[in-house]
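Visitor: After the structure tokens below, expect a handful of questions from me.
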Amino acid sequence: MIHPMRTVVIASLLVATIVSAQQTPPKTDAPIGFKPEAVVWTDGPPTLPPGSKMAVLEGSPRAEGIFTMRVRVPADSAIPPHWHPRQERVTILSGAVDLGFGTVANKTSVTRYRAGSFYVNPPRVMHYLFFPEATEMQITAVGPWELFPTDPSAPPAVPTATVTVHDIAPSEHTDLAAATTFKAEVDYEVHNFRPATYYLQIVFETTTPNQTISIPGATPKFLDSATGTVTMTQDLARVLKQTSLKHPVRLRVYVQEQRSERSSHVAGMSDWITFQ
């Protein structure tokens with residue numbers, strides 16, 4: 001049975017768990033070596049098959065640069081179709097892996113790799129795994145590590161959310177520079193809603209077309225229901241100092257769909273709100 005995957009938190013949960021589980025990484029100019037008894041194993045994240053274990057031997061999947069990790073997966077498990085933005089080099093240390101390619105997992109269209117085997121998955125190629133036996137494999141790749149369950153060749157998704165902004169303070173068309181905080185009520189509706197996937201974000205228009213400014217370090221406000229009303233506020237001090245900010249100032253509210261730890265997709269947006 002294929003273990004279910006949700007579009008949103010796969011990469012973020014996987015990376016967070018790996019990073020928290022890894023041993024203290026050695027300095028980049030220091031020798032690296034582990035005997036089997038020195039490898040520290042921890043529970044895998046919920047996005048891997050139940051009972052999975054993992055250990056990071058080198059580097060960090062969250063950072064730029066090469067890393068190596070080992071994964072143990074129980075027999076009769078599976079990982080549904082997914083892809084990575086960079087090459088994935090896999091060595092089978094014990095057990096067996098049935099590797100297939102495509103957007104639909106098919107047990108009759110796989111290649112079995114037993115202990116001692118090695119394979120490389122190309123970037124942006126959908127693949128899936130079945131584990132007929134308890135298996136340990138070693139993966140080497142270049143971080144940051146991301147995993148996507150959606151077909152990269154599929155047409156871009158159309159907006160799936162609506163956003164309306166009202167009760168705006170300061171009022172629209174007034175002098176935003178005279179205020180210290182923007183505040184508004186935001187009504188939203190998200191189609192095909194999934195918890196911990198969508199969040200609201202205030203963005204400001206820049207002098208460069210089709211670009212916006214969002215405030216670095218701002219905590220995303222993840223939505224816990226498909227529809228609702230949320231009060232949003234924004235400290236304007238840092239915004240108004242941006243040299244790329246367009247004047248008159250315009251802003252809008254996005255509904256973002258988090259697809260991995262490092263990437264998101266605009267699911268919907270409000271109309272522009274204009275100030276002096």
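The values are calculated or read from the model by the stated rules, or taken from the named source; none is laboratory data. Note that the structure is a prediction, hence the values are computed from the model and not measured. For neighbour counting, all protein chains shown are included, and Cβ atoms are generated from backbone atoms with ideal geometry for every residue, glycine included. Accessible surface areas use protein heavy atoms only, side chains included; no ligands, DNA or RNA. Shrake-Rupley method; radii C 1.70, N 1.55, O 1.52, S 1.80 Å.
Visitor: First compute the accessible area of region 172-276 with a 1.4 Å probe, then give the percent of it belonging to carbon and sulfur atoms. Mind dumping the intermediate values first?
Guide: Working: 2540 of 5550 Å².
Summing carbon and sulfur atoms, their accessible area is 46 percent of the total for region 172-276.
Visitor: Per-residue counts of other Cβ atoms within 10 Å, averaged by peptide: what ranking do you get for 82-94, 33-45, highest first?
Guide: Put in order of decreasing packing, that is 82-94, 33-45.
Visitor: Can you send over the carbon and sulfur percentage of the accessible area for region 52-143, probe radius 1.4 Å, protein chains only?
Guide: The value for region 52-143 is 51 percent carbon and sulfur by accessible area.
Visitor: To continue, here is another question. Calculated FRET efficiency, Ser109 and Ala178, Cβ-Cβ r, R0 51 Å, to nearest 0.05?
Guide: 0.20
Visitor: Cut-off under 16 Å on the C-alpha distance; same-chain residues fewer than 8 positions from Lys221 excluded. Which aspartates and glutamates are left, in chain and number order?
Guide: Those aspartates and glutamates meeting the cut-off are Glu185, Asp187, Glu189, Asp235, Glu257, Glu261.
Visitor: Looking at the chain only, what percent of DSSP beta bridges run antiparallel? Nearest 5 please.
Guide: Taking every DSSP beta bridge within the chain, about 100 percent pair in antiparallel fashion.
Visitor: Let me ask something else about it. For region 207-276 and region 38-99, compute the distance between their C-alpha centroids and round to whole Å.
Guide: 35 Å
Visitor: Right, something else. Tell me which lysines have Cα within less than 29 Å of Lys107's Cα, excluding those fewer than 8 residues away on the same chain?
Guide: Here the lysines satisfying the reach criterion relative to Lys107 are Lys53.
Visitor: Give me log10 I(q)/I(0) at q = 0.25 Å⁻¹ for region 124-182, Debye formula, one equal scatterer per alpha-carbon, no solvent.
Guide: Debye intensities relative to I(0), on a log10 scale: -1.19.
Visitor: Residues of the chain: accessible area per residue at 1.4 Å, in Å²?
Guide: Value for the chain: 51 Å² per residue.
Visitor: Another question about this same structure. Which value in nm describes the separation of the simple spin-label points at Trp272 and Thr207, placed 7 Å from the Cα toward the beta carbon?
Guide: The modelled label-to-label distance comes out at 1.7 nm.
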